1. Select the helices (runs of 4 or more DSSP H) contained entirely in the stretch 395-486, then report the ones holding at least 1 residues which are of a type outside the set (Ser, Thr, Tyr), more than 14 Å from the ligand (Cβ to nearest atom) and without any contact (Cβ under 8 Å) to a residue 12 or more places away in the chain.
2. If you scan the stretch 359-409, which residues turn out to be among the basic types (Lys, Arg), surrounded by fewer than 16 Cβ atoms within 10 Å (Cβ to Cβ) and under 17 Å from His501 (Cβ atoms)?
3. Among (1) surrounded by fewer than 23 Cβ atoms within 10 Å (Cβ to Cβ); (2) in contact with a strand residue (DSSP E or B) (Cβ under 6 Å, 6 or more places away or on another chain), which single condition is Thr319 missing?
4. Could you give me the residue pairs with C-beta distances under 7 Å whose first residue belongs to the stretch 264-292 and is of a type in the set (D, E, K, R), whose second residue is crowded, with 19+ Cβ neighbours inside 10 Å wherever it lies, and which are 6+ apart or on separate chains?
5. Please go through the stretch 325-382 and give me each residue that is of a type in the set (Asp, Glu) and assigned to a loop (DSSP other than H, G, I, E, B), ordered by number.
6. Considering every residue within the stretch 219-238, establish whether at least one is touching a residue at least 24 places away in the same chain (Cβ under 8 Å) and more than 24 Å from Ile119 (Cβ to Cβ).
7. Do we have any residue at all in the stretch 523-531 that's over 23 Å from Glu369 (Cα atoms), surrounded by 16 or more Cβ atoms within 10 Å (Cβ to Cβ) and modelled with pLDDT of 95 or more?
8. Restricting to the stretch 274-296, name every residue that is under 26 Å from Asp246 (Cβ atoms) and part of a loop (DSSP other than H, G, I, E, B).
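The values are calculated or read from the model by the stated rules, or taken from the named source; none is laboratory data. Treat the numbers as computed from the prediction; the structure is a model and nothing was measured. Cβ placement follows ideal geometry from the backbone for every residue including glycine, while neighbour counts extend to all protein chains displayed.
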Amino acid sequence: MALVSIQSDWYIYFWLLYCKIYSAIVWLFGNHCRGADKVRSVITAGAGVQSSGSIQRARTRRRKAQQHRVKHIVALTRRSSVRRIVMAPGASTAHTMMEDKEKTLHGALGAVSMRTRHISPFAPLLIALVGLPARGKSQLAHRLSRHLNWNGESAKVFDCSEYRRRHMALYGSHDIFRADNQQGSAIRRQSAREAVQDAVHWLKDGNSVAIFDGTNITREQRQDLNSLSEMGFRILFIECVCEDQDLLERNIIEILHYSADYKNMSEDEAVDDLRKKLEHYMRQYEPIDASLENIGFVRVENMGETVTAHKVSGQKESTILGYLSGMRALPQTLYFTRHGESEYNVLGRIGGDAALSARGQMYARALAEHMNGLATREPFSIWTSELRRTKQTAADIRAPKCAIRALNELDAGICEGLTYEEMQERFPQEFAWRDQDKLRYRYPWGESYIDIMTRLRPVLAALEDEHNVIVVGHQAVLRCMLGYFLDAKLDELPYMTVPLHTIVKLTSYGYTYKVEMIKMPVDCVDTHRKQPKNCSITRTTADALVTVPSHYDTLPSNLWQNTTEAQL
Ligand code: F6P
């Protein structure tokens, strides 16, 4: 069985082989360097430390134990027998044996520091969350993953509790979290191993960041995770601490609302169960202690109020540290809308700085009426671009306004002011190239979606900590902004549907956002052009224009008469 699993995971096989060769070299080198060790032993002998020979033996033993633990945490997760032990009723004897074996290993290691090995600052990063339940770990994990993906990393969250749920048809009670519940502990350990195994696969597959969302409350668990650095990964622990009672209460309410564990329980039962679960965890919790653990970690207190870092280096880690130190996780409602229909929209022209059409002005009034009604209850602020159409759209909303250049629409360079038909006529190759890769395509002398994403970074960072902001923006810019909050796949961003005359309301919901599309009853053109099937540069004009939305060729003087003004 073991052989079979080794064959199917060839890289682990190579890893074991590498360990063997490495041990042999170390052994040879150790024998060779007795002289150097003697000098060291003279220095250390005065401090009552072991002789050089025993230091060397201790090192080799330690190394072997470390190698064994790496194998243990990765390979053990593959054994289906373990799952059977875990799941079988009355399996406590086998489980105890497994635990004894682990304890011996950890006992042998004690609190020794890991052998420091140079790992490239650009190596894949495994982030492990640490902390009691309801300390905001999952929210942090998902926000961080979203942020990293936006910044060009490929990050994914591996939620330990989801793995646990796969082992249990239905969540029973807090009992599973009791330290002395052997079967419960075995299930939890097995779930953690599976999550870590998948995280390792994710990184091995060429992705850059895996976020292991578990409690990892014991030193032993963290030591095991840290030993994965032997596989060439960088490891960063993020400990979430929460002393703020209001925040804690809010987190607890969120868990009670959104956790799958409590969906079949009455509110009272759920509250009681969660309280007991927390008590079990508190008894087992060993907060990270820098004097006892040789790990790199960031401690985040009260969801970003205070952030401290210890032994944190590396390129991704620095970005993460910057993000965490600016993070505030407050409940949010954000509103996004495109400007009202512009004269250019009516004509099917892109870019420019056109004024609103008659229907666009009607939308501006309808929007103001809607938002002013809400603003009587809560204060709002409005962010617009620096272009006329967004300022005109926001003009009648009673709230402080701020015009931000980074919110300006995609700069179409040499194509500014053209219709899609004119682009095909004048620059058919450019038009086809854009269809081939709309996310990365940059207009000559203009921008790409990736460029907008880059200039939006500071705006998004600021917006993440805001509540009740109305962003009046543009099609491409809002695609990027909504894509960020909704964690959309980057390649899908340029084709997201963000229609005119529609308010998009985002409300934070656990660690995601609930989306509401509020369509105002004012007619407008459609400006969404789907990706055509044929994106080849040799395609016919008909093929290139097949998805171009219909528009007027001249500004109709009676446009407003086509609208549903009577309904307003
Ligand atoms: O058509 C309206 C508009 O905002 C243009 O100004 C802009 O170039 C375009 O949408 C962006 O959409 P797409 O990337 O789909 O061409």
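1. Working: elements: 420-426, 428-436, 449-463, 475-485.
By residue number, 420-426, 449-463.
2. If the condition is that a residue be among the basic types (Lys, Arg), surrounded by fewer than 16 Cβ atoms within 10 Å (Cβ to Cβ) and under 17 Å from His501 (Cβ atoms), then no residue fits.
3. Unmet for Thr319, out of (1) surrounded by fewer than 23 Cβ atoms within 10 Å (Cβ to Cβ); (2) in contact with a strand residue (DSSP E or B) (Cβ under 6 Å, 6 or more places away or on another chain): (2).
4. Cβ pairs passing all conditions: Asp273/His174; Lys276/His174; Lys277/Pro133; Lys277/His174; Lys277/Phe177; Glu286/Ile217.
5. Initially, the stretch 325-382 is screened for residues of a type in the set (Asp, Glu), giving 341, 343, 353, 369, 378.
Across the stretch 325-382, the qualifying residues are Glu341, Asp353, Glu378.
6. As a first pass, look at the stretch 219-238 and keep what is touching a residue at least 24 places away in the same chain (Cβ under 8 Å): 219-238.
Now narrow it down to the ones that are more than 24 Å from Ile119 (Cβ to Cβ): none.
No: the stretch 219-238 contains no residue that is touching a residue at least 24 places away in the same chain (Cβ under 8 Å) and more than 24 Å from Ile119 (Cβ to Cβ).
7. At the first step, the residues of the stretch 523-531 found to be over 23 Å from Glu369 (Cα atoms) are 526-531.
Subset that is surrounded by 16 or more Cβ atoms within 10 Å (Cβ to Cβ): 527, 529.
Still in the running and modelled with pLDDT of 95 or more: 527, 529.
So far as the stretch 523-531 goes, yes, one or more of its residues are over 23 Å from Glu369 (Cα atoms), surrounded by 16 or more Cβ atoms within 10 Å (Cβ to Cβ) and modelled with pLDDT of 95 or more.
8. Passing the criteria: Tyr285, Pro287, Ile288.
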